[in-house]
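Comments concern the structure below.
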Amino acid sequence: MNLLLFSDLHCDTAAARSLASRAKTADVLVGAGDFTNVRDRENLPLCLDILRTADKPTILVAGNNESTDELADYCRDWPAAHVLHGSAAAVNGVTFFGVGGGIPVTPFGAWSYDFTEEQAADLLAPCPAGCVLVTHSPPKGVVDVSSRGQSIGSTAIRAAVLRVRPKLVVCGHVHGSNGQTGDLDGTPVVNAGPGGIEWELG
């Protein structure tokens, strides 16, 4: 299965158009959050309207710049889209499990859609073994180094990866590590970024 992974578009319509064009060869699109900026619901459709023209099954989680409810509301009339948050969806025989939002809580203030590590652990509890795990935030210690050189990933996500051994982890959020691929005890972890990464799932 060929996946097209992306995150952190932040209203970048040129990046969305490039992804939609590349989606012709993809089986599933996987978006790891931050489609708009600062919970701007008016501009949430900017990139999503372009991506849905690809007419492919699409897995989405919210970033910290939109909520799960806001994303799900947009996707109500997009039957190919699956918005995940502490939940799973099966596409072409592959199980995807997702958790959105900033984890741990960001320093950005009340507008940011964030969760504590404890809340994240509860959301990740049902994550099945061998799935594709899609989270906005990266696991602690892997593709999570900020532009200031700090490791700011999630300990709860890291623990879940070590517990359930996903086939792949797709994330974003930490722009300083966008486009990078790492490894967590044998599990590949991709901080997809707006440029997108094509991934062949074995």
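A compact table of results
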| item | result |
| --- | --- |
| Selection within segment 45-68 - closer than 22 Å to Thr95 by Cα and not β-branched (Val, Ile, Thr) | Leu51, Arg52, Ala54, Asp55, Lys56, Pro57, Leu60, Ala62, Gly63 |
| Selection status of Ser154, touching a residue at least 12 places away in the same chain (Cβ under 8 Å), closer than 25 Å to Asp12 by Cβ, surrounded by 16 or more Cβ atoms within 10 Å (Cβ to Cβ) and over 14 Å from the mean Cα position of the chain (by Cα) | no |
| Test for Ala90: is it within 23 Å of Ser154 (Cβ to Cβ), surrounded by fewer than 16 Cβ atoms within 10 Å (Cβ to Cβ) and of a type in the set (A, V, I, L, M, F, W, C) | no |
| Enumeration of residues in segment 22-37 that are farther than 14 Å from Thr135 by Cα and small (Gly, Ala, Ser) | Ala23, Ala26 |
| Test: residue in segment 36-47 that is touching a Cys at 6+ places or on another chain (Cβ under 7 Å) and hydroxyl-bearing (Ser, Thr, Tyr) | yes |
| Lys167 surrounded by fewer than 24 Cβ atoms within 10 Å (Cβ to Cβ), closer than 27 Å to Ala80 by Cβ and among the basic types (Lys, Arg) | yes |
| When residues of segment 1-39 are limited to those that are among the small types (Gly, Ala, Ser) and closer than 17 Å to Ala62 by Cβ, the one surrounded by the fewest Cβ atoms within 10 Å (Cβ to Cβ) | Ala16 |
| Single match in Leu133, Leu123, Leu162 (criterion: within 16 Å of Ala62 (Cα to Cα), assigned to a helix (DSSP H, G or I) and either under 17 Å from the mean Cα position of the chain (by Cα) or aliphatic (A, V, I, L, M) (or both)) | Leu123 |
| Any chance Glu42 is part of a helix (DSSP H, G or I) and either free of Cβ contacts under 8 Å to residues at least 24 places away in the same chain or within 23 Å of Ile103 (Cα to Cα) (or both) | yes |
| Restricting segment 59-73 to residues that are surrounded by fewer than 24 Cβ atoms within 10 Å (Cβ to Cβ) and in contact (Cβ under 8 Å) with a residue 12 or more places away in the chain, the residue that is nearest to Leu133 (Cα to Cα) | Thr68 |
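We did not get these values from a lab; they are worked out from the coordinates using the rules stated. Just so we're clear, the structure is a prediction, and the values are computed from it rather than from any experiment. Positions of Cβ are backbone-derived with ideal geometry, glycine not excepted, and every protein chain shown enters the neighbour counts.
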